[in-house]
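The values are calculated or read from the model by the stated rules, or taken from the named source; none is laboratory data. The structure displayed is predicted, hence computed values, not measured ones. A quick note on method: Cβ atoms are made from the backbone with ideal geometry, for glycine too, and the neighbour counts reach across all protein chains shown.
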Amino acid sequence: MRRRAFVFLLLAGCTPRPAPASPQYLALGDSYTIGEGVPEADAYPRQWARRVGWPPPKIVARTGWTSHDLLEAARDLDGTYARVTLHIGANDAFQNRSLQRYEQDLTALLTLAIARAGGQPRRVVVISIPDFSVVPAMRGRSDLAVSIPRFNAAAKALAKSRGTQWVSIVAESQRMANDPTLVASDGLHPSGAMYARWSELIARVVSGPTP
């Protein structure tokens, strides 16, 4: 009897477990994409993936990345995804990079994103730069209130010209000016509650998991 129990336990331990589901969603970006300042689960790509019932996304992003940094890091990406989000430009504006350089890099990133979306532009969602000029850590940077709209106008025009979807989070992000619960403890990045609002905005524009 003991031998049978031992064999049963041995076989049970050898039963293969289901492989984790592959990411269906690729999120390209910077600190906002990784959810700097909040728990990993609160990053808006992860919140949005849960909303549509997908496994965690593949995230290619890092705090401080400009559009050029992201382009260099993402060049060798392969695979096809049902949805790709592209959220970049905050550091371009913060570092006073030229608008022309940003447009060049964003054009290349759009080509890359569309390729990773199986050549279907409507599977790509371009997200605006939030108005981070309103957060406590950016007090004194009045130039950002001018440069952020310029960068967003260029991004929106490029996104529309390539047939991708556009989501503006500007108005929502401006709520951080008067509501400290929407700002992370670093005084710069959004809180999980703010990221949840961004996730909701994406869900309103993107009708479902696939176009």
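Scanning the stretch 188-199 for residues that are assigned to a helix (DSSP H, G or I) and either touching an Asp or Glu at 6+ places or on another chain (Cβ under 6 Å) or of a type outside the set (Phe, Trp, Tyr) (or both) turns up 192, 193, 194, 195, 196, 197, 199. If you take the residues of the stretch 150-166 that are in contact with a helix residue (DSSP H, G or I) (Cβ under 8 Å, 6 or more places away or on another chain) and part of a helix (DSSP H, G or I), which of them is surrounded by the most Cβ atoms within 10 Å (Cβ to Cβ)? Among those residues, the one meeting the criterion is 155.
If you take the residues of the stretch 42-58 that are in contact (Cβ under 8 Å) with a residue 24 or more places away in the chain and not in a loop (DSSP other than H, G, I, E, B), which of them is surrounded by the fewest Cβ atoms within 10 Å (Cβ to Cβ)? Out of the qualifying residues, it is 51.
Please go through the stretch 133-149 and pick out each residue that is out of contact with any Lys or Arg (no Cβ under 9 Å at 6 or more places or on another chain) and surrounded by 12 or more Cβ atoms within 10 Å (Cβ to Cβ).
Passing the criteria: 135, 136, 137, 138, 141, 143, 144, 145, 147, 148, 149.
Restricting attention to the stretch 84-98, the residues being crowded, with 16+ Cβ neighbours inside 10 Å and either at pLDDT below 95 or outside any strand (DSSP E or B) (or both) number 8. Here 185, 173, 147, 142 are screened, and the one residue that is in contact (Cβ under 8 Å) with a residue 40 or more places away in the chain, small (Gly, Ala, Ser), part of a loop (DSSP other than H, G, I, E, B) and farther than 20 Å from residue 49 by Cβ is 185.
Checked against the criterion of being in contact with a Ser or Thr (Cβ under 7 Å, 6 or more places away or on another chain), modelled with pLDDT under 95, in a loop (DSSP other than H, G, I, E, B) and basic (Lys, Arg), the stretch 130-139 contains not a single residue that satisfies it.
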